[in-house]
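**Q** One structure, as structure tokens, below. Some questions next.
The values are calculated or read from the model by the stated rules, or taken from the named source; none is laboratory data. Keep in mind that what you see is a predicted model, and the values were worked out from it rather than measured. Please note: Cβ atoms are built from the backbone with ideal geometry, for glycine as well, and neighbour counts cover all protein chains shown.
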Amino acid sequence: MPARIIKSGTTMDFPGRFIVLLVTAAVFAPGESVYPIGNVFKPEATPAESIYNVSLLMLAICAAIFLVVGGLLLFTIVRFRRHKMDNSREPAQIYGSNRIEIAWTVIPVLIVIVLSMATARAVVEVQNKRMPPDALKATVVGHQWWWEIRYPELGIVTADELHVPQSTLAKPAHTFLKLQSADVAHSFWVPQLSGKVDLIPGITNSMWLDPRRTGIYLGNCAEYCGTQHANMLIRVIVDSPADFEKWAASQKVNASSDPHLEAARAAFLSLNCINCHTVSGTAAAGTFGPDLSHVMSRTTLGAGVLPNTAENLRAWVRDPQAIKRGNLMPNMQLNSRELDQVVTYLASLK
Ligand code: HEC
Ligand SMILES: [Cu+2]
């Protein structure tokens with residue numbers, strides 16, 4: 001058989017890839033993780049903590065079962081191994097024991113009951129939680145391959161970065177999310193904050209968060225939704241209440257209309273960009289792509305594929321297909337003058 005050719009870097013045969021995956025998982029899963037997706041073993045909000053507690057109970061019970069069964073197996077293998085002497089002897093033949101049979105039926109049934117009840121309790125706790133009237137409301141709409149985020153009561157529309165206020169004992173803060181899809185099924189999953197909830201066309205699902213520590217919590221779409229599914233990252237940015245107010249205030253105002261950028265703005269507004277993108281206070285009112293009113297206030301472009309810098313913005317607008325192949329923004333074939341103007345204008349939208 002001819003040797004399998006392993007192409008440079010990325011392409012590997014199945015066992016190779018599987019081993020890399022296992023090693024990566026082993027190295028990055030526990031502890032102070034360098035792996036950017038949040039660690040499920042470090043919950044930072046009540047829903048994630050409920051799930052974490054159930055999984056610890058499951059793990060403990062399953063570990064006990066494993067030790068008992070494995071231990072008995074090991075004992076039996078050693079204790080009753082074949083001896084030189086007993087070639088022709090048969091072991092004692094025992095048929096049926098009601099006591100043992102009842103024991104090994106009842107014990108597993110009890111274990112299943114305990115686990116189901118603990119799970120049901122956690123599910124009810126997370127799903128039936130009544131939201132306080134002052135809960136922040138946001139709607140998250142999954143798109144191939146980015147997240148639309150709306151705060152209907154605040155009049156804010158943004159993308160890929162969900163800002164929520166920190167919840168403290170003194171001042172609990174809940175964020176209630178409605179989850180919808182614009183196209184196919186997606187799944188919202190930020191491991192440190194909550195379990196997965198699917199976004200399904202035609203259906204509105206919901207979840208809530210009450211994160212306790214400020215910071216950035218990374219998640220990814222968790223339901224395969226097409227070629228760029230892996231580049232559909234979501235960031236939940238937990239702000240102190242004061243920072244959240246500041247952020248909300250800056251998002252509520254119309255996009256900057258710096259008079260020095262009149263020509264650049266006119267160039268942008270003359271292009272097809274406005275059929276897919278909104279810039280508040282201008283004629284650009286498309287909703288097929290992310291809202292660009294405050295695009296520079298976000299940390300990444302393309303739902304997490306690039307850090308949001310002026311150079312990367314330029315590279316994206318020049319050819320988004322070179323950066324996120326197959327994404328639904330076409331290469332707009334701008335000439336270099338148009339590119340300069342559009343990027344100058346967008347870079348001013350803080
Ligand atoms: C056919 C619709 C369409 C047109 C036309 C279009 N875009 Fe987009 N644009 C999108 C979609 C969809 C995305 C999100 C891609 C993704 O992340 O998968 C996007 C993303 C972007 C982003 C990144 C925003 C972010 O927050 O990640 C910028 C910037 C952008 N477009 C600028 C432009 C400019 C400038 C033009 C005109 C030259 C333009 N777009 C034309 C659909 C469009
Ligand atoms: Cu997906």
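**Q** Across segment 189-223, what is the total count of residues that are assigned to a loop (DSSP other than H, G, I, E, B) and within 15 Å of ligand 1 (Cβ to nearest atom)? Write out each step before concluding.
**A** Going residue by residue through segment 189-223, those that are assigned to a loop (DSSP other than H, G, I, E, B) are 189-196, 200-204, 210-214, 221-223.
Among the residues that remain, those that are also within 15 Å of ligand 1 (Cβ to nearest atom) are: 221.
Count: 1.
**Q** Another question, then. Could you list, in sequence order, all residues of segment 198-219 that are buried (at least 20 other Cβ atoms within 10 Å of the Cβ) and within 15 Å of ligand 2 (Cβ to nearest atom)?
**A** Correct list: Leu199, Gly219.
**Q** Given the residues His186, His163, which is the only one that is over 16 Å from Ser206 (Cβ atoms) and either in contact with a Phe, Trp or Tyr (Cβ under 9 Å, 6 or more places away or on another chain) or without any contact (Cβ under 8 Å) to a residue 12 or more places away in the chain (or both)? Even if it seems obvious, please write down each step before you answer.
**A** Numbers: His186 fails: over 16 Å from Ser206 (Cβ atoms).
Exactly one residue qualifies, and that residue is His163.
**Q** Which of the residues spanning segment 131-149 are more than 17 Å from Ser194 (Cβ to Cβ) and either among the hydrophobic types (A, V, I, L, M, F, W, C) or surrounded by fewer than 19 Cβ atoms within 10 Å (Cβ to Cβ) (or both)?
**A** Selection gives Pro132, Pro133, Asp134, Val141, Trp145, Trp146.
**Q** Please count how many residues of segment 275-294 are within 6 Å of ligand 1 (Cβ to nearest atom) and in contact with a strand residue (DSSP E or B) (Cβ under 6 Å, 6 or more places away or on another chain).
**A** 1
**Q** A further question follows. Kindly indicate whether Val236 is within 20 Å of Leu218 (Cβ to Cβ), in contact (Cβ under 8 Å) with a residue 24 or more places away in the chain and not charged (D, E, K, R). Even if it seems obvious, please write down each step before you answer.
**A** Details: within 20 Å of Leu218 (Cβ to Cβ): yes; in contact (Cβ under 8 Å) with a residue 24 or more places away in the chain: yes; not charged (D, E, K, R): yes.
Criteria met by Val236.
**Q** Counting just the residues of segment 252-274 that are of a type outside the set (A, V, I, L, M) and within 14 Å of ligand 1 (Cβ to nearest atom), which one comes out nearest to Tyr151 (Cα to Cα)?
**A** Let us first name the residues in segment 252-274 that are of a type outside the set (A, V, I, L, M), namely 252, 254, 256-260, 262, 265, 268, 270, 272-273.
From the residues that got through so far, the ones that are within 14 Å of ligand 1 (Cβ to nearest atom) too are 265, 268, 270, 272-273.
Details: Arg265: 26, Phe268: 26, Ser270: 29, Asn272: 27, Cys273: 24 Å.
Result: Cys273.
**Q** Taking Gly96, is it assigned to a strand (DSSP E or B) and either under 25 Å from the mean Cα position of the chain (by Cα) or more than 25 Å from Ser187 (Cα to Cα) (or both)? Working first, answer last.
**A** On the way: assigned to a strand (DSSP E or B): no; either under 25 Å from the mean Cα position of the chain (by Cα) or more than 25 Å from Ser187 (Cα to Cα) (or both): yes.
No.
**Q** Here is a further query. When you check Cys225 against the structure, is it within 17 Å of Gln144 (Cα to Cα), hydrophobic (A, V, I, L, M, F, W, C) and within 16 Å of ligand 2 (Cβ to nearest atom), yes or no? Walk me through how you get there before you give the answer.
**A** Numbers: within 17 Å of Gln144 (Cα to Cα): yes; hydrophobic (A, V, I, L, M, F, W, C): yes; within 16 Å of ligand 2 (Cβ to nearest atom): yes.
Answer is yes for this residue.
**Q** Taking the residues in segment 180-197 that are hydroxyl-bearing (Ser, Thr, Tyr) and within 15 Å of ligand 2 (Cβ to nearest atom) as candidates, determine which candidate is nearest to Tyr52 (Cα to Cα).
**A** Initial filter on segment 180-197 (hydroxyl-bearing (Ser, Thr, Tyr)): 181, 187, 194.
Right, trim to within 15 Å of ligand 2 (Cβ to nearest atom) and you get 181, 187.
Numbers: Ser181: 27, Ser187: 19 Å.
It comes out as Ser187.
Condition check ((1) at pLDDT 95 or above; (2) among the charged types (D, E, K, R); (3) in contact with a Phe, Trp or Tyr (Cβ under 6 Å, 6 or more places away or on another chain)) across all residues:
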site	(1), (2), (3)
Asp198	yes, yes, no
Asn205	yes, no, no
Ile216	no, no, no
Tyr224	yes, no, no
His229	yes, no, no
Ser240	yes, no, no
Glu245	yes, yes, no
Ala249	yes, no, no
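**Q** Another question, then. Within segment 144-184, track down each residue that is closer than 21 Å to Cys225 by Cα, assigned to a loop (DSSP other than H, G, I, E, B) and among the small types (Gly, Ala, Ser).
**A** Scanning segment 144-184 gives a single hit, Ala182.
**Q** Right, another one. Give all pairs with beta carbons closer than 9 Å in which a residue from segment 199-220 that is outside the structural domain of Asp134 (by TED's automatic domain parsing) and more than 22 Å from Gly302 (Cβ to Cβ) meets a residue that is modelled with pLDDT of 95 or more and surrounded by fewer than 17 Cβ atoms within 10 Å (Cβ to Cβ); count only pairs at least 6 apart in sequence or on separate chains.
**A** Going by the 9 Å Cβ cut-off, there are no qualifying pairs.
**Q** Please specify each residue of segment 295-350 satisfying the condition of being in a helix (DSSP H, G or I) and polar (S, T, N, Q).
**A** Residues of segment 295-350 in a helix (DSSP H, G or I): 295-297, 310-318, 320-323, 336-347.
Answer for segment 295-350, where residues must be in a helix (DSSP H, G or I) and polar (S, T, N, Q): Ser297, Asn312, Gln321, Ser336, Gln341, Thr344.
**Q** Follow-up question, since we're still on this one. When residues of segment 295-336 are filtered for being away from ligand 2 (no atom under 16 Å from the Cβ), touching a residue at least 12 places away in the same chain (Cβ under 8 Å), out of contact with any strand residue (DSSP E or B) (no Cβ under 7 Å at 6 or more places or on another chain) and charged (D, E, K, R), how many remain? Quick ask: steps written out before the conclusion?
**A** So the first thing to find is which residues in segment 295-336 are away from ligand 2 (no atom under 16 Å from the Cβ), and the list is 295-301, 306-323, 329-336.
Next, only the ones that are touching a residue at least 12 places away in the same chain (Cβ under 8 Å) stay: 295-301, 306, 308, 310, 313-314, 316-320, 323, 329, 331-332, 334.
Imposing the further condition that a residue be out of contact with any strand residue (DSSP E or B) (no Cβ under 7 Å at 6 or more places or on another chain) reduces the set to 295-297, 301, 310, 314, 317-320, 329, 331-332, 334.
Narrowing the set further to residues that are charged (D, E, K, R) leaves 314, 318-319.
Number of matching residues: 3.
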